[in-house]
Protein chains: 2
Amino acid sequence: MSKKFNVSTPSGFPEFTPAQEQVRQSWIRIISEVFEKNGFAPISTPLVEREENLLGKGGNPKEMYVLKRLWDEDGDKSHSGNALRFDQTVPLALYVARHFNDLTFPFRRSVIGPVFRGERAQKGRFRQFDQCDIDVIGNGTLSVLNDAQMPAIIIQIFKRLMPDQDFVVRINNRKVLLGFFASIGIAADKVKNALDIVDDLEKLSKEALLKNFEKEGFSSEQSDKILKFIAISGSNESILETLKTMSNDNELFQEGVSGLELVNSALNSMGIEEKYFQLDLRIARGLDYYTGTVFETNLIGYEGLGSICSGGRYEDLAKIFTKKSMPGVGISIGLTRLLSQVFEAGIVKAGKVSRTQMLIISADEKSLSKSLEIGQILRDGGYFAENYLEDKKLGKKFEYADKLKIPYVVLIGEKEMSKKIVQVRDLETGGRSEVEESQLVEYFGKIF
Amino acid sequence: MSKKFNVSTPSGFPEFTPAQEQVRQSWIRIISEVFEKNGFAPISTPLVEREENLLGKGGNPKEMYVLKRLWDEDGDKSHSGNALRFDQTVPLALYVARHFNDLTFPFRRSVIGPVFRGERAQKGRFRQFDQCDIDVIGNGTLSVLNDAQMPAIIIQIFKRLMPDQDFVVRINNRKVLLGFFASIGIAADKVKNALDIVDDLEKLSKEALLKNFEKEGFSSEQSDKILKFIAISGSNESILETLKTMSNDNELFQEGVSGLELVNSALNSMGIEEKYFQLDLRIARGLDYYTGTVFETNLIGYEGLGSICSGGRYEDLAKIFTKKSMPGVGISIGLTRLLSQVFEAGIVKAGKVSRTQMLIISADEKSLSKSLEIGQILRDGGYFAENYLEDKKLGKKFEYADKLKIPYVVLIGEKEMSKKIVQVRDLETGGRSEVEESQLVEYFGKIF
């Protein structure tokens with residue numbers, strides 16, 4: 001070893017511990033299953049797209065990683081002009097543009113995979129991170145009922161990811177906000193600023209907010225109306241009631257209220273408990289992209305983590321790439337960031353480092369062949385059954401199971417072989433059982 | 001749209017069709033499940049590693065993609081010197097080097113994910129492709145029994161991936177080859193050349209082979225012995241018998257034969273049918289890396305596709321990164337390439353574009369709420385149940401199910417609601433059933 005290598009991961013490209021990785025894998029299994037159960041088929045697009053396409057849809061050149069071969073002096077230009085994707089939405093827009101005629105609309109797609117952003121290195125900011133997205137894209141039109149499907153899916157997912165942790169999906173409709181602002185005489189070109197101030201509602205004091213409103217040139221009457229409006233709270237029904245009794249005849253406002261009503265009643269039809277979703281007029285999200293229903297999700301008691309799953313309705317997915325009008329609605333889970341947060345906050349604890357349910361150990365060389373046979377039988381029976389294969393002392397073999405937190409050991413020795421039994425050890429309780437070899441698959445069937 | 005965008009994928013970064021993607025997803029589910037059932041836990045390392053580490057382990061600068069921000073004039077050096085991984089082995093070596101003290105050995109890891117190679121654009125060559133690998137790494141030593149686990153896993157996987165397609169894992173041991181060559185007087189520095197010629201055995205005529213042997217300075221006696229040796233065939237037992245009766249007392253040769261014997265008998269212990277694995281003295285693989293057992297896998301009748309899953313035993317995983325001696329054995333499936341091949345050869349046909357088992361359709365607006373309720377009940381019951389949500393004519397709704405090849409439609413209208421039933425349509429047979437709403441989950445339980 002003449003050279004000393006720095007084997008650490010590059011800055012901003014962290015990795016999880018083996019036990020944390022198990023949680024990540026199980027979360028990916030759950031998320032993708034819920035996505036697919038609701039009709040969202042996975043689509044994989046390349047991690048690499050044309051630079052100009054990424055730039056055309058808002059890619060930030062300071063954060064976009066372009067590819068270049070380390071040695072590229074052969075003049076092969078086909079390698080240049082490409083960059084790593086920075087989100088899952090631009091690749092979706094490109095995918096829909098390239099495959100438009102082969103797709104059936106509404107087109108439901110899911111994706112779970114890495115995106116890349118060359119951000120400044122700092123805690124909680126990753127340069128590669130997994131983003132789990134679903135979107136449903138209409139051809140020309142798309143029913144607002146699809147908007148209701150999004151919180152329903154968020155709720156299905158988080159109930160399974162963190163069964164002991166309460167959470168709430170907060171729902172608003174940008175049209176309600178935009179219509180309301182118009183109705184109190186705030187000009188269209190000021191709406192974005194007003195919404196930005198509303199976005200800061202939970203971060204700032206009332207005085208600071210009012211000051212910000214004043215700076216924007218809003219009258220104190222307007223500011224009062226805004227604050228009164230965004231203070232509307234209560235049950236979903238009562239919020240809808242209040243909005244309707246406002247008798248605001250702004251068309252956008254009324255469309256937004258109808259949208260919220262439809263989403264609320266659809267969620268009720270699905271039998272989703274009201275504690276999981278809350279209409280909330282303070283949710284605004286970014287103005288440029290979302291045009292209708294918007295969602296955020298918070299962990300109760302950990303609101304400081306920010307929204308753990310957000311999304312909303314947008315007017316046109318692929319405007320610059322095609323002339324077709326394609327409205328859509330989608331949500332996104334920033335998986336890497338969320339996992340880091342829940343591990344750090346202790347909300348989720350990493351445990352086992354593999355899914356192995358039982359380690360098959362031979363006590364001596366003569367029983368080795370039998371142990372291989374039994375391992376295969378258990379695997380064929382559907383279990384995660386690992387054979388210990390090294391020629392070590394028995395203690396070392398058990399130590400391996402202990403270290404990997406494998407719950408059961410199946411032990412076979414000459415004595416057991418002669419009686420056609422195996423010993424089953426429960427490593428958690430210390431319990432021991434003798435089980436007939438032919439009954440082993442059934443035996444574990446009662447446990448797993 | 002002032003600018004015309006080229007929305008196609010960059011050269012060498014293809015994507016599958018939606019239906020092909022479904023096959024890819026189901027293959028990934030199967031491969032990862034078999035890996036995990038055998039104790040191989042997934043580990044995800046970043047797609048990006050330090051350039052010098054990749055170069056240190058054989059990275060080809062002409063094919064290695066380094067990252068550079070499109071705009072990087074802020075002097076932030078932390079973004080430079082990194083490149084995309086070109087295989088799954090170097091990241092494993094780095095992972096083991098960085099986490100050595102936290103790992104339990106033998107360390108079994110699986111990985112399924114993309115690697116990147118800036119190769120010349122040509123058919124069947126991808127610049128991004130999925131590689132599915134497992135490796136088991138010992139700390140100092142590693143039992144040859146682990147070598148037997150590899151073909152067992154290959155067999156479990158391909159029986160499930162392509163149930164109607166025969167295949168065979170061909171197994172050899174490099175020590176047998178190296179020992180044999182030494183025993184017929186071929187000097188160590190000529191062994192690589194001899195093996196390279198043997199590697200071409202199936203591509204070249206006997207005459208061309210003999211000419212190549214001659215060019216290397218081998219005597220005709222040596223050449224004859226080589227050809228006679230690599231012609232040894234028959235059942236696994238008989239090949240082992242022949243090797244033993246050769247009474248070759250070269251130590252390496254004997255070690256190799258013992259290795260093959262152990263692998264063969266372990267596979268027999270596991271109850272693996274002999275038709276799935278074949279000792280084959282012609283398998284050599286690359287000399288530089290593999291040192292013991294080697295594997296290749298062929299689809300019977302499609303041998304021209306080459307090996308679809310290969311691997312072997314190596315001496316030391318992470319030599320340049322750590323002083324620890326870490327022997328290992330592993331296999332790799334080039335998933336993207338293999339899928340392209342089996343689709344093109346018609347061995348596997350892509351079908352459905354989602355996993356949706358039933359589409360829930362409301363016949364009129366009054367039954368919409370009920371249809372949402374039923375969809376949720378079916379999903380809670382474990383099904384892949386998609387609600388059709390658009391306000392379209394009934395024919396359009398059925399057309400959607402047809403196009404997506406969804407097998408069943410659950411239809412609800414006012415009439416059905418009043419009778420507390422639903423209509424179930426089997427879109428393949430055209431069959432129609434009336435099912436009580438409360439019995440629907442049980443009804444599909446008999447189908448799926």
Using the Cβ atoms and a cut-off under 14 Å, what net charge is assigned to the surroundings of A:Gly59, where Lys and Arg are +1 and Asp and Glu are -1?
0
If labels are modelled 7 Å from Cα along the Cβ direction, B:Pro61 lies from its partners in the other copies at nm distances, smallest first, of 2.8
Quick one: of B:Lys123/B:Lys225; B:Lys275/B:Lys319; A:Lys77/B:Lys4; B:Lys392/B:Lys419; B:Lys190/B:Lys275; A:Lys405/B:Lys77, which pairs are farther than 32 Å apart, Cα to Cα?
B:Lys123/B:Lys225; B:Lys275/B:Lys319; B:Lys190/B:Lys275; A:Lys405/B:Lys77
Charge dipole of the stretch A:216-312 about the Cα centre (unit charges at C-beta), most positive-ward option of A:Ala284, A:Val257, A:Ile272:
A:Ile272
Cross-link partners of A:Lys203 among lysines (Cα-Cα below 19 Å; sequence separation of 8 or more within a chain)
A:Lys192, A:Lys211, A:Lys215, A:Lys228
When chain A is treated as a Gaussian network with springs between alpha carbons less than 10 Å apart, the largest mean-square fluctuation among A:Arg50, A:Arg313, A:Arg337 is found at A:Arg50
To one decimal in nm, how far is A:Ser220 from the same spot in the other copies, if labels go 7 Å from Cα toward Cβ? Please give the shortest first.
11.4
With just the Cα atoms defining each centre, how far is the stretch B:207-253 from the stretch B:153-190? Give it in Å.
15 Å
Regression test value, accessible area per residue of the stretch B:54-137, probe 1.4 Å, units Å², expected 37 Å²
Taking the axis of the rotation relating chain A to chain B, the A residue whose Cβ comes closest, together with that distance in whole Å, is A:Lys68, 3
May I ask for the net charge around A:Glu436, where only other residues with Cβ less than 13 Å from the Cβ of A:Glu436 are counted and Lys, Arg are +1 while Asp, Glu are -1?
-2
Percent relative contact order for chain A, counting Cα pairs under 8 Å at least six residues apart, stands at 16 percent
Excluding B:Asp72 itself, what net charge comes from residues whose Cβ is under 15 Å from its Cβ, given Lys and Arg +1 and Asp and Glu -1?
+2
Dipole magnitude of the protein assembly as shown about its Cα centre (Cβ charges: Lys, Arg +1; Asp, Glu -1), debye to nearest 20
900 debye
Using only the alpha carbons of the protein assembly as shown, determine the length spanned along each of the three principal axes and report them from longest to shortest in whole angstroms.
102, 65, 52
One can check that the equivalent ellipsoid of the stretch A:346-434, built from the alpha-carbon gyration tensor with semi-axes equal to the square roots of five times its eigenvalues, has lengths in Å, largest first, of 23, 14, 12
For the stretch B:178-250, list log₁₀ I(q)/I(0) at each q in 0.15, 0.26, 0.28 Å⁻¹, using the Debye formula over Cα point scatterers of equal strength and ignoring solvent, two decimals each.
-0.52, -1.27, -1.36
From the label point of A:Ser258, set 7 Å from Cα along Cα→Cβ, how far away are the matching label points in the other copies, in nm, ordered shortest to longest?
8.3
Any chance you could give the angle, 0 to 90 degrees and rounded to 10, that helix A:236-245 forms with the longest Cα principal axis of chain A?
10 degrees
Can you find, among A:Leu372, A:Val435, A:Asn38, the residue farthest towards the positive end of the dipole of chain A? Put +1 on the C-beta of Lys and Arg, -1 on that of Asp and Glu.
A:Leu372
Compute, for the stretch A:315-374, the length of the dipole vector about the Cα centre, with Cβ point charges of +1 (Lys, Arg) and -1 (Asp, Glu) only. Units Debye, rounded to 20.
240 debye
Can you grab the distance from the C-alpha centre of the stretch B:48-70 to the C-alpha centre of the stretch A:23-61, Å, no decimals?
25 Å
Between B:Ala121 and A:Ala350, how high is the FRET efficiency from 1/(1 + (r/R0)^6) when r is the Cβ-Cβ distance and R₀ = 45 Å? Nearest 0.05.
0.60
Give me a single rounded figure for B:353-360: the average over its residues of other chain Cβ atoms within 10 Å of their Cβ.
4
Assigned charges on the beta-carbon of Lys, Arg, Asp, Glu; the stretch A:9-86 dipole about Cα centre (debye):
280 debye
Cα-based Rg then Dmax for chain A, in Å, read 27.8, 92
Determine, from the Cβ-Cβ distance of A:Ile232 and B:Glu365 and an R0 of 45 Å, the FRET efficiency 1/(1 + (r/R0)^6), rounded to the nearest 0.05.
0.95
Cα-Cα over 27 Å: which of A:Lys349/A:Lys370; A:Lys352/B:Lys349; B:Lys397/B:Lys446?
A:Lys349/A:Lys370; A:Lys352/B:Lys349
Normalised alpha carbon radius of gyration of the stretch A:293-448 [divisor 2.2 N^0.38 Å]
1.65
List the relative contact order of the stretch B:175-270 as a percent without decimals, with contacts defined as Cα pairs under 8 Å and 6+ residues apart.
44 percent
What's the angle, to the nearest 10 degrees (0 to 90), between helix B:206-215's Cα axis and the longest principal axis of chain B?
50 degrees
With each pseudo-label sitting 7 Å past Cα toward Cβ, what's the A:Ser26-B:Thr17 distance in nm, one decimal?
3.9 nm
Which is farthest toward the positive dipole end of the protein assembly as shown among B:Ser325, A:Gln20, A:Tyr408, measuring Cα position about the Cα centre, with Cβ charges +1 (Lys, Arg) and -1 (Asp, Glu)?
B:Ser325
Taking r as the C-beta separation of B:Asp76 and B:Ser258 and R0 as 51 Å, the FRET efficiency to the nearest 0.05 is 0.35
Enter the angle in degrees (range 0 to 90, nearest 10) between the Cα long axis of helix A:251-269 and the first principal axis of the Cα atoms of chain A, meaning the one along which they spread out most.
30 degrees
Extension gain from A:Ile447 to A:Glu273, taking 0.36 nm per residue of separation minus the Cα-Cα distance
59.4 nm
In whole percent, how big is the carbon plus sulfur part of the accessible area of the protein assembly as shown, probe 1.4 Å, protein atoms only?
48 percent
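The values are calculated or read from the model by the stated rules, or taken from the named source; none is laboratory data. Since the structure is predicted, the reported quantities are computational estimates derived from the model, not experimental observations. Using ideal geometry, Cβ is built from the backbone for each residue, glycine included, and neighbour counts are taken over all protein chains shown. Quick note on the areas: whole protein, heavy atoms, side chains included, nothing else; ligands and nucleic acids left out. Shrake-Rupley method; radii C 1.70, N 1.55, O 1.52, S 1.80 Å.
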